[in-house]
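To start, the structure under review is shown below, and the notes come after it.
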Amino acid sequence: MFGLKGKSFLTLHDFSAEQINYLLNLAADLKAKKRMGIKGKSLEGKNVALIFEKPSTRTRCAFTVACVDEGAHPEYLGKDDIQLGYKESVEDTARVLGRMFDAIEFRGFSQQVVTDLAKYSGVPVYNGLTDEYHPTQILADLLTMREHLGTLKGKKFVFMGDGRNNMSNSLLIGCSKMGIDIVIVAPKLLWPDPNHVAVCESYAKESGSNILVTEDINAVEGANVIYTDVWCSMGEEDKAKERVALLSPYQVNRKLIDKVNNPNMIFMHCLPAVKGNEVTADVFEASYSVVFDEAENRMHTIKAVMVATLS
Ligand code: CP
Ligand code: NVA
């Protein structure tokens, strides 16, 4: 359907707004069915390898539960279970797994690894997070926004914090493709790569949305969504001190929410959160915080990706 069968999910660059909408509708449908206690058999007989070089709660559990709900078998392969990239090349591991599994999920450091797994395995490969992108998270975020805001087009989305991390990169693609105005509020040292912004500007032009990258926190005014992420992504723990110094003015707290001045705004975070850093506990727990809907939607949207690409 919509050219999704057999397709890998490596970055949102490779997906049209129509395909993203199709996946969101399918996820909403699968979510409603699960609520009614109806389980599907769309993935019956399939085997899915789940490779994790970095830790995970949501992504691992979302893939596992989604597989089991639809009749597939998930096989977890942690970083010490296989020898990916050090004793066995990515190319060889990909060709072995491709002979045994119907799909492969990969979470790790390098985007090149997920690209090579797709190139050599011959089966759909899903990016469960790399240093560069986190595309399955964006589907959950878009579904959550749709549930709480009704529509996506024309909404104002503000990302506060580390403007060059995997979440900021992926949100730039997702929002610009879906017609959502996106503002990245970050210190200049942590602005996204201008080449990446230029590509997303071409998507924004097509969808009729706007992109703004700024240091000015007053740009949050009128936002429909305030989004943040950890100040140190996995693998950057040694940067904690400098990030706190750089990003403290960009904390999402009550004062910032007052600046938004929109009673219908929602707060989002991909989680896990470091409360007291990027967000204060009171904002995290506020009635406008939808972070646990967002976390749940990881499972429904990942299920939709597997159903659309495998069944
Ligand atoms: N949001 C997210 O990817 O969470 P995990 O790191 O727990 O998978
Ligand atoms: N930017 C974060 C996202 C976690 C889901 C990280 O890479 O650690």
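The values are calculated or read from the model by the stated rules, or taken from the named source; none is laboratory data. A quick note: this is a predicted structure, and the numbers were derived from the prediction, not measured. Quick reminder, even Gly has a Cβ in these numbers, built from the backbone with ideal geometry, and neighbours come from all protein chains shown.
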Problem - All positions within the range 268-302 that are under 14 Å from the mean Cα position of the chain (by Cα) and either more than 28 Å from Ser42 (Cβ to Cβ) or surrounded by 24 or more Cβ atoms within 10 Å (Cβ to Cβ) (or both) - result: Met268, His269, Cys270, Pro272, Val291, Glu294, Asn297, Arg298, His300, Thr301, Ile302
Practice task
Could you tell me whether Ala103 is under 25 Å from Pro272 (Cα atoms) and hydrophobic (A, V, I, L, M, F, W, C)?
Solution key: no
Completion exercise
Of (1) crowded, with 17+ Cβ neighbours inside 10 Å; (2) hydrophobic (A, V, I, L, M, F, W, C); (3) within 16 Å of ligand 1 (Cβ to nearest atom), Met265 fails just (3)
Handout entry: Only one of Arg146, Arg164 that is under 17 Å from the mean Cα position of the chain (by Cα), surrounded by fewer than 24 Cβ atoms within 10 Å (Cβ to Cβ), within 16 Å of ligand 2 (Cβ to nearest atom) and not polar (S, T, N, Q)
Key = Arg164
Exercise for the section: Scan (1) of a type in the set (Lys, Arg); (2) at pLDDT 95 or above; (3) within 16 Å of ligand 2 (Cβ to nearest atom); (4) more than 20 Å from Ala140 (Cα to Cα) for the single condition Lys46 breaks and write down its number. Expected result: (3)
Handout entry: Ile51 being within 16 Å of ligand 1 (Cβ to nearest atom) and outside any loop (DSSP other than H, G, I, E, B)
Key = yes
Practice task
Identify all residues within the range 13-36 that are part of a helix (DSSP H, G or I) and of a type in the set (Ser, Thr, Tyr); write none if there are none.
Solution key: Tyr22
Exercise for the section: Report yes if some residue within the range 227-243 is more than 16 Å from ligand 1 (Cβ to nearest atom), assigned to a loop (DSSP other than H, G, I, E, B) and not small (Gly, Ala, Ser); otherwise report no. Expected result: no
Handout entry: Hits in the range 140-151 - residues which are out of contact with any strand residue (DSSP E or B) (no Cβ under 9 Å at 6 or more places or on another chain) and in a helix (DSSP H, G or I)
Key = Ala140, Leu142, Leu143, Arg146, Glu147
Practice task
State which residue pairs qualify: first residue closer than 17 Å to Ser289 by Cα and inside the range 219-235, second residue hydroxyl-bearing (Ser, Thr, Tyr) in any location, beta carbons under 7 Å apart, and separation of 6 or more residues or different chains.
Solution key: none
Exercise for the section: Could you look through the range 88-128, keep only residues that are farther than 14 Å from Lys7 by Cα and assigned to a strand (DSSP E or B), and pick out the one that is nearest to ligand 1 (Cβ to nearest atom)? Expected result: Arg107
